[in-house]
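Here the structure comes first, spelled out in structure tokens, and everything after it is commentary.
The values are calculated or read from the model by the stated rules, or taken from the named source; none is laboratory data. These numbers were taken from a predicted model, which means no experiment stands behind them. As a convention, Cβ positions derive from the backbone with ideal geometry for all residues, glycine included, and neighbour counts pool all protein chains shown. Side chains are part of the model used for accessible areas, which takes the heavy atoms of the whole protein and leaves out ligands, DNA and RNA. Shrake-Rupley method; radii C 1.70, N 1.55, O 1.52, S 1.80 Å.
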Amino acid sequence: MAPTAKLLLADLASSGVKQIPSNYIRPISDRPNLSDVQISDGSIPLIDLQGLDGPNHSTIIQQIGQACQRDGFFQVMNHGIPEEMISIILDIARQFFKLPESERLKNYSDDPTKTTRLSTSFNIKTEQVSSWRDFLRLHCYPLEDYVHEWPSNPPSFRKDVAEYCTSVRGLVLRLLEAISESLGLERDCIDKKLGGHGQHMAMNYYPPCPQPELTYGLPGHTDPNLITILLQDDVPGLQVLRNGKWIAVNPIPNTFIVNIGDQMQVLSNDRYKSVLHRAVVNSDKDRISIPTFYCPSPDAVIGPPKELVDDEHPAVYRDFTYGEYYEKFWKKGLVKESCLDLFKQGGAKR
């Protein structure tokens, strides 16, 4: 099999290519320009969640609210997920992507509607330029509906990933209460807006890239879901757009990065921001990132609670179902313009 005929990027990259294939090369106007990127140096807030359960509760709520409003991104420590669980999940992801090609390909599909699938780039059926990544995508709530579809190799995959998913869901529910409170709402308000809830995760694998300045692991995009909890290994790659500048968010061990998705921007009536972010690659090291995407159920109707709408703050978006939004996102692909503009009220400022 010629290298170009490989279904997965990992197998192409490991064949020793010295130049990236032309379908990965971005137009000159849309390249990472890596020399122009700033290092975060703490500009993405780091919030200690231990304070949520004590006398500093209101201070932490305030910090979370400010981060959602100003940054759209924050990092959390003392989040309650054990270090050992974090190292196990990163290790199991690495083991999976190191399996023989034939074993990995058992999970391959280019059908975006499949609830468990291994694929490459983003949406290979519709995109113009490919992204330098392979990914395993799993639906994981309710767990019992999906675990049987997951890979059974490595042998502990289902058990370890299920435990991780349950722990991350617990963290998400705590954060949703805190975010509700930061908006001046009842603590269960956002939770109740999500219908039956949904949870997906991805294990992203970014192989070393011989020409990282020409391509992306993932180009700039906002997340279509409600809130994303990202675990990264120790290799930098995530960048966030802030005040028109790309900022590298370098990993801090045993922390998670939390970012606001498009649905939270709608539920907060534009108070909280879903922010552009991207993944860049490098020529030396492979990188693994594991985002958990928490979302409404497809039939949930998304719109701000009445407490956030008045004459001075009319609803910015029309009501829609999450299923309708997600379908538009998937068709549109990873582009800098989020789908939110498609759902603005007729009279809203564009």
Residue pairs within 9 Å by beta carbon, gap of at least six or interchain, first lying in the range 66-86 and farther than 15 Å from Ile252 by Cα, second of a type in the set (A, V, I, L, M, F, W, C) and open to solvent by 10 Å² or more (accessible area, probe 1.4 Å), listed first then second, are Cys68/Leu183; Asp71/Val275; Gly72/Val275; Gly72/Leu276
Going through the range 181-194 one residue at a time, which ones are under 15 Å from Met264 (Cα atoms) and either over 21 Å from the mean Cα position of the chain (by Cα) or of a type in the set (Phe, Trp, Tyr) (or both)?
Glu181, Ser182, Leu183, Gly184, Leu185, Arg187, Asp188, Cys189, Lys192
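Yes/no per residue for (1) more than 17 Å from the chain's Cα centre (by Cα); (2) open to solvent by less than 10 Å² (accessible area, probe 1.4 Å); (3) at negative phi:
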site: Ser268; (1), (2), (3): yes, yes, yes
site: Leu276; (1), (2), (3): no, no, yes
site: Lys285; (1), (2), (3): yes, no, yes
site: Pro314; (1), (2), (3): yes, no, yes
site: Gly323; (1), (2), (3): yes, no, yes
site: Lys328; (1), (2), (3): yes, no, yes
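Results for (1) at pLDDT 85 or above; (2) among the polar types (S, T, N, Q), shown as yes or no for each residue.
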residue	(1), (2)
Ala5	no, no
Ile25	yes, no
Val37	no, no
Ser43	no, yes
Leu46	yes, no
Out of (1) in contact with a helix residue (DSSP H, G or I) (Cβ under 9 Å, 6 or more places away or on another chain); (2) within 30 Å of Ser14 (Cα to Cα); (3) assigned to a strand (DSSP E or B); (4) aliphatic (A, V, I, L, M), what's the single condition that is false for Val281?
(3)
Being of a type in the set (Ser, Thr, Tyr) and closer than 10 Å to Val280 by Cα is the filter; apply it to the range 213-255 and report the residue that is nearest to the chain's Cα centre (by Cα).
Tyr216
Candidates Asp11, Asp30, Asp91, filtered to the one that is more than 19 Å from Trp132 (Cα to Cα) and either of a type in the set (D, E, K, R) or free of Cβ contacts under 8 Å to residues at least 40 places away in the same chain (or both)
Asp91
When the residues of the range 86-118 are filtered to those that are of a type in the set (Asp, Glu) and under 21 Å from His139 (Cβ atoms), which remaining residue is surrounded by the fewest Cβ atoms within 10 Å (Cβ to Cβ)?
Asp111
Test of understanding: among Val161, Val172, which residue is in contact (Cβ under 8 Å) with a residue 40 or more places away in the chain, open to solvent by less than 20 Å² (accessible area, probe 1.4 Å), aliphatic (A, V, I, L, M) and under 19 Å from Tyr205 (Cα atoms)?
Val161
Of the residues in the range 86-123, those that are in contact with a Pro (Cβ under 7 Å, 6 or more places away or on another chain) and assigned to a loop (DSSP other than H, G, I, E, B) number 1
Answer yes if at least one residue in the range 68-78 is open to solvent by 40 Å² or more (accessible area, probe 1.4 Å), within 21 Å of Gly184 (Cα to Cα) and assigned to a helix (DSSP H, G or I), and no otherwise.
yes
